[in-house]
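Input: a single structure, listed below in structure tokens.
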Amino acid sequence: ADLPRQLSELIDRLLEKQPDARPAGAAEVVEVLEPMVRAISQDDGASTATPESFTEAPAPTKLAEDVQPFQLRGERRQLTLLCCQLVGGALDPEVLFEVLPPFQTVVNEAIERYEGHLRDVQGHRFVAIFGYPRSHEDNARRAVLAGLEIAARTTTAAPGFELSAGVHTGPAVILSRGSGEHLALGETLDLAMALQEQAEPGKVWMSGATHSLVAGFFNDHEVDSAGGVAAFRVNAARDVHDRVEASESLTPFIGRQHELALLDSRWELASEGVGQAVMISGDVGIGKSRLLCELQARWSSADRRWLSAYGSPFARNLPLHPVGGLLRHLLEIDGSAATERQLVRLEAALAEHNLPPEETLSLFAALLGLPADDELDLYRLRREALEAVPALLQESAARHPLVLAFEDLHHADPTTLELIGRVIESVAASSALLVMTCRAGFRLPWGHRAQMTQLRLVPFDDAEVEALIDSLANEDRLAVDARKRLAERADGVPLFVEALVEQALDAEPSGAETVPETVRDLLEVQLDRVGAARDVARIAAGLGRQGRLADLAKAAALDKAALSQELERLRE
């Protein structure tokens, strides 16, 4: 009974019969053991079920009757608002009566597709919220994409009209009252509506605050706006998939030499005809995409071909959606060409790869989103794709060594995941290396494979954090004590280091330390997943990085056992 619960759970995992249910390696076991060792080594009576930042002090397990628990009445959150309205046509009630139903359908579909919340509808005007009640890591990008989609479809849904839209990211307050939760949007709503009023028909404008969060994801340019607020006109979405690919300039690559050496060794095996697969896992911001970017740059001049595919949070319900981009690259089909030219090129490419076009043209046309004479139902599409795509990749690897990079498996649909499992089996006897990335905790649907290596990225150590800070800021621009505080706050996560350094360089000398806007949405997503423990986190944040469990228990109105359970959920 005296053993920490984490140790008992670790032993259970180590004894699992299924290999994929056990820890991936010794590093993962050490990661679980280290906090327990630190807690046991302390002589101050710290609880093993709570972070060492909070120390246990004598406190009653039940609150005294005169102790009033802290009441959480409001919460500040970062939201992105999309304000739109129909313009350009006669706003006669009879005309609007005809066009509003199909237009409303377009609006609902776009907002639902990007998982926003339609807040307010006033005839031909509406306001959508991204970031509440459900938050995402890319709320601003989702809002802009939704605006572009609605604008593109408006002329068809509402003939004679166009859409003008404004997008702004800013703070809001969520108030808890007896009648439920209420939003106070304040200036954030005012600025979004002001941008929408200034936007030309058919255009989407975004504020400077939103632009800083989506820079590189869209083709845009700055425009003059009233009121002195920075504004950008969005022209189109760029074909990029993550922050690394969208960035115009990357920071110098730091650390990860062990990981690069391991990937080099797996490539050596693959180039000799012993195909390999590597699964790279890690938390958000830990550097998975950056590692792949560095790997591609290192291997760009070598005798190998690099193909990429991406799981998309916007296409989870579209079977095999990520496969289309990979096939376009492999078969050298220009997606911007006319449909007829793409079909001609597809037929020729299939013949080049010894796939009879009369048998496979309909399948690959469907995977590429092209029309075909023989329309396939989903069952047939799935069955034939699971056979044909691995065979095509295996045949291609026999001609020329391949690196297949598949990022963000946690966003992929089940059929795509099954297809990747087939590819892993097919590459075993070919000159191919399959490199995949996923978030920590994502459960792979396949069992153990002899040719697959699991590689988990861990946070940077102190020396690597220092090196990254040096590459981002000159020593004379960032004081030593500020660098130390920054390193402590970032906890070794490269993305957080970059965001905090950028914030520190832009802040006023007396500016308060706040969470950078560029990572605020990432933290909101994590907090949304812990349920009621979110309130404990908010109270603990008010008390500071270090405090007494007794104070936290009183403020949260929880006994010792309940508080330990909520803190453990937050720590995990």
Report Rg/Rh for segment 233-298, rounded to two decimals, where Rg is the Cα radius of gyration and Rh the Kirkwood radius. 1.06
Modelling each spin label as a point 7 Å along the Cα-to-Cβ direction, I'd like the Val229/Glu513 distance in nm, to one decimal. 3.2 nm
Kirkwood hydrodynamic radius of segment 402-474, Cα pairs, Å: 14.7 Å
Could you tell me what percent of the DSSP beta bridges with both partners in the chain are antiparallel, to the nearest 5? 60 percent
Chain lengthening between Glu395 and Gln546 when straightened (0.36 nm per residue, less Cα-Cα): 48.5 nm
Regression test value, accessible area per residue of the chain, probe 1.4 Å, units Å², expected 51 Å²
With all protein chains present, the chain has a carbon and sulfur share of its accessible area (1.4 Å probe) in percent of 50 percent
Virtual spin-label span in nm between Ala429 and Arg76, 7 Å along Cα→Cβ: 6.3 nm
Convex hull projection area averaged over all views, the chain, Cα basis, nm²: 32.1 nm²
Each residue of segment 389-403 in turn: what ³J(HN,Hα) in whole Hz from Karplus with 6.51, -1.76, 1.60 and θ = phi - 60°, glycine and Pro shown as x? 5, x, 5, 5, 5, 5, 5, 5, 5, 5, 7, 8, x, 10, 10
Quick one: what Rg and Dmax do you get for segment 78-200 from the alpha carbons, in Å? 14.4, 45
So what does Asp491 come to for accessible area, using a 1.4 Å probe and Å² rounded to 10? 100 Å²
Label-point separation in nm, Arg439 to Gln565, each point 7 Å along Cα→Cβ: 2.5 nm
Please tell me the relative contact order of the chain in percent, rounded to the nearest whole number, where contacts are Cα pairs under 8 Å and at least six residues apart. 17 percent
Quick one: if the Förster radius is 45 Å, what FRET efficiency do Val32 and Glu352 give, using the C-beta to C-beta distance and rounding to 0.05? 0.35
How big is segment 193-322 on each of its three principal axes, counting only the C-alpha atoms and giving the largest first in Å? 62, 37, 29
Under the Karplus relation with 6.51, -1.76 and 1.60 and θ = phi - 60°, whole-Hz ³J(HN,Hα) for segment 371-385, x at Gly and Pro, equal x, 8, 5, 9, 6, 9, 6, 4, 5, 5, 4, 5, 4, 6, 5
Rounded FRET efficiency, nearest 0.05, which uses the C-beta distance separating Leu378 from Ala557 and R0 of 41 Å: 0.20
Calculated [θ] (222 nm, deg cm²/dmol) that DSSP helices of n ≥ 4 give over the chain, each run adding -39,500 (n - 2.57): -14500 deg cm²/dmol
Taking every pair of alpha-carbon atoms in segment 437-538, what share in percent sits in each 10 Å bin, from 0 to the bin with the longest distance? 12, 35, 29, 18, 6, 1
Part-to-part distance (alpha-carbon centres) for segment 85-115 and segment 538-564, which is given in Å: 49 Å
Pairwise over distinct Cα atoms, reciprocal of the mean inverse distance: report the Kirkwood radius of segment 251-357 in Å, one decimal place. 16.8 Å
Multiplying the sequence separation of Asp506 and Glu572 by 0.36 nm and subtracting their Cα-Cα distance, what value in nm do you get? 20.5 nm
Could you tell me the accessible area of Arg382 in Å² (1.4 Å probe, neighbours in place), rounded to the nearest ten? 90 Å²
Share (percent) of C-alpha pair distances in segment 292-334 greater than 15 Å works out to 55 percent
Which lysines does Lys288 reach when only Cα atoms under 28 Å apart count, and residues fewer than 8 places away in its own chain are ignored? Lys484
Sort 220-227, 397-404, 236-243 for me by packing, meaning the mean count of neighbouring Cβ atoms within 10 Å per residue, highest on top. 397-404, 236-243, 220-227
Per residue and in Å³, how big is the convex hull formed by the alpha-carbon atoms of segment 323-442? 107 Å³
Using alpha carbon centroids, what distance separates segment 201-237 and segment 441-496, in Å? 31 Å
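The values are calculated or read from the model by the stated rules, or taken from the named source; none is laboratory data. All of these numbers come straight from a predicted model, not from anything done at the bench. Glycine gets a Cβ as well: all are built from the backbone with ideal geometry, and neighbour counts include every protein chain shown. The area values use the complete protein model at the heavy-atom level, side chains included, leaving out ligands, DNA and RNA. Shrake-Rupley method; radii C 1.70, N 1.55, O 1.52, S 1.80 Å.
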